[in-house]
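The values are calculated or read from the model by the stated rules, or taken from the named source; none is laboratory data. All figures in this text were calculated on a predicted structure; none of them were measured in a lab. Counting neighbours? That spans all protein chains shown, and the Cβs are built from the backbone with ideal geometry, glycine included. Surface accessibility is based on the protein's heavy atoms, side chains included, excluding ligands, DNA and RNA. Shrake-Rupley method; radii C 1.70, N 1.55, O 1.52, S 1.80 Å.
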Amino acid sequence: MPEKFKFFSKVGKTVIVPLRLKILFIFISLILLSNFATNFISVQFTQREIINLNNTIMVQQLKELYSNSANQFQIYAYSGDKEACNESMRNVAESGFGNPNSIAMGVGPDGRLFFITSQNEDTLWESFPDSEALARLNELKEEGREEGSLLFTGSETEYFGVYKFQDDWNYYIIRAERRSDLDEKNHSVYAYISILIFSLTLMFIIIGYVILRKEFSVMRKFTDELIKMQQSKKLELIDLEKAPNDDVTYMAASFNNLSAQVNNLLGTFQKFVSKDIVAKAYSGMEVGLEGNQRELTMLFSDVKSFTYRTETLGNDIIEVLNVHYNRVIQDVHESYGIVGSIIGDAILAVYGTFNSEKSKSYNAIESAWNITRSTASLRQEMTDRRLQIEKTRKLTESEERVFQAVLVDVGVGLDGGKVFYGTIGRNDSEDPLQAHMANTVIGDTVNSASRLEGLTRIYHLPVIVSEYIKKEVESESDRYIFFEIDTVQVKGKTLGKKIYFPFDRQYMDNNLIVRYERFSEGLKAYYQGDWSAARKVFKESELDVAAVFLERMGNKSAPADWSGIWAMTTK
């Protein structure tokens, strides 16, 4: 159905009925009820008046019949021809008939018919058909009431009429009409009036709908816009450019004012709260103090040499961090992660709270590499800017320090496992200003991701992940190659932990992969305690990470109690 003829809208399975249709329906119902009630009452009063009029007419005709019967009795007294007299009575009666079932008759006290006439042959009875009505007439006669109105039944049909007792002939002269004839006329009139009412009502419905549609077109526009807002879960302003100056427009203007305030609050809310909490609030669910144990993946990223950068840039470090985080946060969100917290130059991201086609660890590694490439891209932009400047002059010493400070570089550590994820703080429903809640993640995995990020500085690698990450990603994709880097025992732990560097096949060249494969051979010898062979292979790999092992081993041999685990003395 074209939009302009569309009567109803839907929100989910709920039908939205336009207000103009409700108003039109109410008015139509009231008009029809009023018209039919008036018509019915009018017909009833008309029927009564018709009956009274008919009675008046029949009484007049009855008088004529009574006078004629008296004259005919005088004639009968001279001629003795009763049949001729009755025929004369029938002729006089027929001259006053107005309906096909009008009837006139002379009925004796015993029910014998002296004469009867009607255009309907079915009513030419041989005797008066209603004995109860006749008995009533006789009772009234004995009481001295020899004329009046009566009802009787003949041929299973009800008649109403008037009567008068003729003493000369000793019979009742009755002039009557069949009630159904009058009802048929009334029904016919009622049918004609009903058709007229329906026709006029239909015409008024069309006219009323056109008028109401025009008058309420702005309201329909308001409703459509509100439905779109509900479906998109986003408040917008209603266009009031062509709206009339009425109370509905005032309501829309008030909504716009409220919408602007709520949008401002929502904008602030979204900036300070994680995406899953925002989604929960938008879905209408209450956000309270709650949490549970979940299996998630943690990403911890930190800016390297942050103290130097802060000392060099001063307050401008905030602007640099904002440029950096603008890209980092986008990378996190695009990979189905949420920002758990931002602590100065460090960011904690959580994966696994949103449904995704890929695993949480896969999304986390993808995000880690995107963060690394984003910062590399930012450094390249700064380098290009320096080259432009140096075409005209060299940088001053202070400018060189600033340049080095804005070359932001980061390390990223990833680990996964069971953690507590939820909302903690104070939820004061009586005084919301006293409430403060924070969405947080608590567990050893969070600390582990932070420690792995710290190791990126030691091993000169951009991303380091745990064995948990390696196993989960390898089970679903071969995009990443995981090279084991070391087995370390971080400070505060009693067990060694294998750490890995995830190669992204889409960006790494084969020559570099070969060098890391060579490094893996040296690491194997290093674990076995053959440091002499390990030194040789590490040197051949020509990798920065291999230099760490060469410095660690020096020219020494492996300790007698060597287990292959390197114990860290710092965090």
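Some observations on this one:
- One residue stands out in the range 447-486 among those that are small (Gly, Ala, Ser) and over 17 Å from SER520 (Cα atoms): the one that is surrounded by the fewest Cβ atoms within 10 Å (Cβ to Cβ), namely SER475.
- Of all residues in the range 444-487 being aliphatic (A, V, I, L, M) and farther than 23 Å from MET553 by Cα, the one that is modelled with the lowest pLDDT: VAL446
- Test: residue in the range 284-298 that is among the hydrophobic types (A, V, I, L, M, F, W, C), at pLDDT 70 or above, touching a strand residue (DSSP E or B) at 6+ places or on another chain (Cβ under 6 Å) and under 27 Å from TRP369 (Cα atoms): yes
- Of all the criteria given as (1) at pLDDT below 90; (2) buried (at least 22 other Cβ atoms within 10 Å of the Cβ), the one not satisfied by ALA364 is (1).
- Within the range 452-490, tally of residues that are in contact with a helix residue (DSSP H, G or I) (Cβ under 8 Å, 6 or more places away or on another chain) and more than 17 Å from ASN363 (Cβ to Cβ): 14
- Yes/no for THR56 being loosely packed, with under 15 Cβ neighbours inside 10 Å, among the polar types (S, T, N, Q) and modelled with pLDDT under 60: no
- The selection criterion, being farther than 23 Å from GLN60 by Cα and among the aromatic types (Phe, Trp, Tyr), does not hold for PHE152.
- The set of residues from the range 86-115 being under 18 Å from ASN170 (Cα atoms) and in contact with a Ser or Thr (Cβ under 8 Å, 6 or more places away or on another chain) comprises MET89, ARG90, ALA104, MET105, GLY106, GLY111, ARG112, LEU113.
- Restricting attention to the range 317-338, the residues that are open to solvent by less than 10 Å² (accessible area, probe 1.4 Å) and modelled with pLDDT of 85 or more total 5.
- Condition met for SER118 (open to solvent by less than 50 Å² (accessible area, probe 1.4 Å) and more than 20 Å from PHE165 (Cβ to Cβ)): yes
- The condition (being in contact with a helix residue (DSSP H, G or I) (Cβ under 9 Å, 6 or more places away or on another chain), at pLDDT 70 or above and exposed (fewer than 15 other Cβ atoms within 10 Å of the Cβ)) is satisfied by just one residue among SER180, SER155: SER155.
- Looking across the range 518-527 at every residue that is touching a residue at least 24 places away in the same chain (Cβ under 8 Å) and not small (Gly, Ala, Ser), the one that is surrounded by the fewest Cβ atoms within 10 Å (Cβ to Cβ) is identified as TYR527.
- Among the residues of the range 143-182, those that are of a type in the set (Ser, Thr, Tyr) and over 60 Å from the mean Cα position of the chain (by Cα) comprise SER149, THR153, SER155, THR157, TYR159, TYR163, TYR171, TYR172.
- Check on ALA349, in contact with a helix residue (DSSP H, G or I) (Cβ under 9 Å, 6 or more places away or on another chain), in a helix (DSSP H, G or I) and under 27 Å from ASP316 (Cβ atoms): no
- Candidates are the residues of the range 443-470 that are under 46 Å from the mean Cα position of the chain (by Cα) and of a type in the set (Gly, Ala, Ser); the one that is farthest from PHE519 (Cα to Cα) is GLY443.
- Matching residues in the range 462-487 - criterion: being of a type in the set (Phe, Trp, Tyr) and part of a strand (DSSP E or B): TYR480, PHE482, PHE483
- For beta carbons closer than 6 Å, sequence separation of 6+ or different chains, a first residue in the range 540-568 that is at pLDDT 90 or above and a second that is open to solvent by 80 Å² or more (accessible area, probe 1.4 Å), the qualifying pairs are ASP544/HIS460; VAL545/HIS460.
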